Amino acid sequence: MKLTPLNIVVACFLTWIVSEWGNDQLRLAWWQVILFLVVVTLADMVFRFFVKDLKKLWIGEIGFILVSGILMVIVKILWN
């Protein structure tokens, strides 16, 4: 199994969830956590299927993470 940026994102997210699980400030339901993990896993599988070169895979996944993060910030700003 190759190490990819989306695998790193999943590992960091799960570590954050476990460390904040008992905290009242964590406003994520269990279905939101599972939905996030499913979406990121599917995105990783799609990238691996279509991009065979490891360097291009890393560039594509980093771009996906950046675009997703920017869109999340824009949505949060517009809906608050």
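The values are calculated or read from the model by the stated rules, or taken from the named source; none is laboratory data. Source: prediction; values computed, not measured. Because the Cβ atoms are built from the backbone with ideal geometry, glycine has one as well, and the counts that use them run over all protein chains shown. When the accessible area is computed, the model is the full protein with side chains, heavy atoms only, and any ligands, DNA or RNA have been set aside. Shrake-Rupley method; radii C 1.70, N 1.55, O 1.52, S 1.80 Å.
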Notebook entry, point to check: How much net charge surrounds residue 9 when only other residues with a Cβ under 11 Å from its Cβ are counted (Lys, Arg +1; Asp, Glu -1)?
Noted result: -2
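So with the 1.4 Å probe, I'd like the accessible area per residue for the chain, rounded to whole Å².
Here the residues of the chain average 81 Å² of exposed surface.
Length gain on complete extension for the stretch residue 37 to residue 7, per 0.36 nm per residue less the alpha carbon to alpha carbon distance?
9.8 nm
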Notebook entry, point to check: If each of residue 76 and residue 14 carries a label point 7 Å out from its Cα toward its Cβ, how far apart are those two points in nm?
Noted result: 2.3 nm
Checklist line | Surrounding net charge for residue 53, when Lys and Arg each add one and Asp and Glu each subtract one, Cβ distance under 15 Å | finding: +4
Margin query: Of the candidates 53, 24, 44, which one comes out as most mobile in a Gaussian network treatment of the chain with C-alpha springs shorter than 10 Å?
Written below: 24
Margin query: Leaving out ligands, DNA and RNA, and with a 1.4 Å probe, what % of the accessible surface on the chain is carbon or sulfur?
Written below: 75 percent
Note to self: Using helices alone, I'd like the mean residue ellipticity at 222 nm for the chain: each DSSP H run of four-plus residues gives -39500 (n - 2.57), total over residue count, nearest 500.
What the structure shows: -27500 deg cm²/dmol
Notebook entry, point to check: Most mobile of 42, 54, 28 per a Gaussian network model of the chain (Cα springs, under 10 Å)?
Noted result: 28
